Each structure stands twice: as structure tokens, then as C-alpha cells.
Amino acid sequence: MKRIVIILVLFASNILYAEDKFSAGFSMGYQYDAGMLSDKRGIQADVQQNISAGLVLKLDMSRVFLRSGVEYSYPFSKGEITNSSAGAVQETEVIITEVPVYAGINIPLRDYGVFYMGGGGSYIFGSGRVKTSSGSEKINEQLFGYGLIAGIESEIYSDASLLFEWEYLAARSSPVASTSPPYDDYYIDYSGHRVRFGVIYHFNRY
Amino acid sequence: MKNFKYIIILIIILCTAVSYAAEVSISARLGYSPAVGGSMSSGWQTENLGAPDGINSINRSQSGTGVSTVEVPVGAIAGADLRIIKDSIYYKAGIEYVHIISGGKGKTIDPATAEIVEVTYNQWSFDVPLTAGVALLFWGESRIYLGGGVAFAYGTYSNSFKSATLDHSASFTGYAIPLVAEIGCEYMLNERVSAGCDIKYIHGTSPIIDDGTDYARVDFTGFHITASAALHFNI
């Protein structure tokens, strides 16, 4: 949590000194196979699919950008394990609150917009639940995952752009539930690809 | 080794391209891979720790036990490459070195004995990717490229498991010919120098390697993201 505060403070202080462009907006996103059930060996499941809504913050300093914000990702289709291939675990409902922290390079495309890509990661505040044959286990996890990001800003007005963004993240929690007691051995895999569409407003463009 | 013929074909194309090339660039790059080594599974883990999926199934916990999560291994990357561009088509050869710098260590529980087991996974590798694709220059100041190809990858994966009654370690060295896809961009700082960023996905594993006490594959699969500085020449 301390690291988040430090990064946000650095982010905010950069805003104060930025000569270029600070942008903020909203995004909607999608993640197929949230929880990565398809990647767990031997498990047969209908994978979880999440939709997300988020606040986008982007600071463009000439050819370099910083990207942050917050995103809430909620399952519109839960993960359902179709047989006993995950032992006692039967269903997942993984909710992700994500604070992305990325930096990278902007490639301006003159009047059309900006292509950008960079590295960093996301702080993840995991919640939700895992349903097992003996009840329901709450998820309460905080972790950081490294990832990468690439996106396109397409201008719709001189001070507003459409945003399309792809993020790949790798992060796994500690065990939160048990496939075969007595030990907890079922972890939540927050890895995977996220795509986002959004609109951002450029506050001090010219 | 049958995939070597594809590498030879790509090298021939690369050499042919040199004689007609409009632009050559040499770049140095640094970066990281957010997840290195795949599952890092091995036969010994399956048979002795009940962990058939390696790092994905090694973590166990119980209240009151002193375990610590074995986290996703993150790798640092250093590399260099040579690229030739002619008529918006590029050919690239390079080398990248990847070494785990964090993650891959922790403590778990042996389900058979209830002992705490110290777990360490490690991996280093280098790969020589040969790629080709499309490179689009925008107004002479920035470029975006997209391509694919193959690589020769070579590396060592090692693991170690220690408890009061267990002491196992193994090391596996192997090679593979993984597939490569990449997207990148660069901004020309002046006529000769550019700064850029590259995302590469490598997909491939070695054959099964048996070190006498354990057997496993070396998994080179993963995303690589690097920042680069490049020098450009016209020939």
C-alpha cells in the first residue's frame, strides 16, 4: 500500500510539472478467462469472463507516458468447474480491483492520435469467492503483478480521444481454498489479457 | 533439429536483403519478462510433492504454518539486434539473454509428511530470434513494426526442494526452436538515433531432459518487453 501511495504521489507531482498533456477518462473492458481456469492442469471448466469499468489517468511528457488509474472488473460469467477435476472447488467468482502503473514510449501519429507501449504492472486487490463442496471461501488478496501495455489513442476532437488498450499481466495469489483438505492449495491466477475501450479528455493540450 | 532449415532460409533472406537494403539499424535493449519458465514442472515434484503442474501447484498453506508463496518468476532481459528495412519490409536478427531476478522462491508444505519445504526455481536462457515483418514509417519521425519468425533458444532450468527429510535439486539444460511474434515502435531522436519499445512473444519448450534424478522441459515461453536505443545507417 505504501508503494502505491509513493507512486501516486510521484504521478501527481509529475502532473504539476508537466508541460505536455494530462488526460483522464473512462474505460470499459473485457477479460476472457479471468482466473485462468483453462491454464490449470487437468481442470475442465467453463471459464470465467469479466467485464470492467475504470478510470483512466495518463500523463504524456513528450515521447514518454505514465499510465495509471483504477479499474473494477466483475464476472458476468462465473467460472464453473464441470466435474470434480478441481477436487472440492466447484465455482469461482473472481472480482478484481486493479491499479495499473505503467510507463513507456508514445509514438505520435500527427493529427490522428498516439500509439503507445510500455512496461510496469498493476496492484491487484482481489475479492470475490471460491465455492467448494464444503462451503464458500472469500477471496481477500493484495498483490502486484508485472505486465505490459500497448494502446492507441485516436483523436475525435482536439482535446478528446478514443482509447483502445491491451494489457498483459502475470500475477498469482497465495492459496485461498482447498481442492483436497487439509491444506489450501487453490490459488487465484490474475494473469491474462485485458482489453479496454474508452474516452479520454486532454486537459492541457495546447 | 528439422526447424533449423527455417532458420537457414531466414538467414539467406536476411543476407539477400542486405544487398538491396535501404536502412540498417543496430540496437541495444533492456527489459524484463513478467513470467519466465512456464510451469517449471518436473517428474520429481509430481511423484514426491504431489505437484504435477510445478510452480502452479506447489503452493500449499495452512493456518499456523510458516509458508511463503512461491511467486511468478520475473526475468531481466538484455539484448541486441540488427535490422534491415527495405520498402517497409524488415528482417531482423538478434540475441537476448533472460535471467530470473525475482520470484520463484518460497516455502510450502509437503502433503505426505506435513514438513515445510524450501522451494527454489531458477532459469536463465538466451535466444537468437530471426524475424521479418512490416515496418511503417510515419512522416520520417516514428516507426511501428509488426512481425514474426523463429528463434534458437538455449537455457538451463534448475529446481531445489529442501526439508527436514528431503534434499533434492536438479538442473536441465536444453534448446528449442520457438516461434516468435513481435510488435514494436521507435521514435527518431535525430537522423541516426532512435529510442523504442518492443514486445515479443516467444512460444516453445525443449524436449524432455533427464538429469538422472529428475526429468523436465526447459520452457522458453513468455512475453518480453524491452526498451531500446538504436543507431541507423543507410547503405
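Write down the radius of gyration of the stretch B:81-204 and its Dmax, each obtained from C-alpha positions, in Å.
20.8, 67
For the ranges A:114-121, B:46-53, B:199-206, what's the packing order if you count other beta-carbon atoms within 10 Å of each residue, average per peptide, and put the highest first?
For the peptides A:114-121, B:46-53, B:199-206, the packing ranking is A:114-121, B:199-206, B:46-53.
For helix B:4-20, report the angle its Cα long axis makes with the longest principal axis of the Cα atoms of chain B; keep it between 0 and 90° and round to the nearest 10°.
30
So how many Lys-Lys pairs in chain B land under 28 Å Cα to Cα, not counting same-chain pairs under 8 apart?
Final tally of qualifying lysine pairs is 10.
May I have the extent of the alpha carbons of the stretch B:120-177 along their three principal axes, as whole Å values ordered from largest to smallest?
That gives 66, 21, 11 Å along the principal axes, largest extent first.
Hey, could you get me the Stokes-Einstein D for chain B, Kirkwood radius over alpha-carbon pairs, 10 °C and 1.306 mPa s, rounded to whole µm² s⁻¹?
82
If I take all pairs of Cα atoms in the stretch B:23-138, what percentage of them are more than 26 Å from each other?
Within the stretch B:23-138, distances greater than 26 Å cover 42 percent of Cα pairs.
Arrange B:MET40, A:MET61 by Cβ neighbour counts within 10 Å, fewest through most, would you?
Fewest to most other Cβ atoms nearby, the residues stand as A:MET61, B:MET40.
Once every DSSP H run of n ≥ 4 in chain B is given -39500 (n - 2.57) and the sum is divided by its residues, what mean residue ellipticity at 222 nm do you get, rounded to the nearest 500 deg cm²/dmol?
The per-residue figure over chain B is -3000 deg cm²/dmol.
Report, to the nearest 10°, how far helix A:2-17 tilts away from the longest principal axis of the Cα atoms in chain A, using its own Cα long axis and a range of 0 to 90°.
Helix A:2-17 and the main axis of chain A meet at about 20 degrees.
Just the C-alpha atoms of chain A: what Rg/Rh do they give, with Rh taken as the Kirkwood radius?
Answer for chain A: 1.05.
Other chains' Cβ within 10 Å of A:182-189 residues: what's the mean?
6
Each residue of the stretch B:64-79 in turn: what ³J(HN,Hα) in whole Hz from Karplus with 6.51, -1.76, 1.60 and θ = phi - 60°, glycine and Pro shown as x?
x, 9, x, 8, 9, 5, 7, 8, 4, x, 10, x, 8, 10, 10, x
Going by a ≥ b ≥ c, the root eigenvalues of the Cα gyration tensor, does the protein assembly as shown fall in the rounded group (a/c under 1.5), the prolate group (a/b larger than b/c) or the oblate group?
Judged from the Cα gyration tensor, the protein assembly as shown comes out oblate (a/c at least 1.5, b/c at or above a/b).
Normalised by the number of residues in the stretch B:137-220, what is the relative contact order in percent for Cα pairs under 8 Å and 6+ residues apart?
Answer for the stretch B:137-220 is 30 percent.
Per residue of the stretch B:103-116, what does 6.51 cos²θ - 1.76 cosθ + 1.60 with θ = phi - 60° give for ³J(HN,Hα)? Whole Hz please, x for Gly and Pro, Karplus curve as stated.
Those phi angles translate into x, x, 10, x, 10, 10, 10, 7, x, 7, 10, 6, 7, 7 Hz.
To the nearest Å, what is the center-to-center distance of the stretch B:27-49 and the stretch B:78-127, using C-alpha atoms only?
Cα centroid of the stretch B:27-49 versus Cα centroid of the stretch B:78-127: 6 Å apart.
Could you grab the relative contact order for chain A? Cα pairs under 8 Å, six or more apart, rounded to a whole percent.
About 20 percent, as a whole number.
Counting helices only, and only those DSSP H runs with n ≥ 4, report the 222 nm mean residue ellipticity of chain A as the sum of -39,500 (n - 2.57) divided by its residues, in deg cm²/dmol to the nearest 500.
-2500 deg cm²/dmol
Bear in mind that the values in this text are calculations on the coordinates, not laboratory data. Note that the structure is a prediction, hence the values are computed from the model and not measured. Here Cβ is always computed from backbone atoms with ideal geometry, including for glycine, and neighbour counts include all displayed protein chains.
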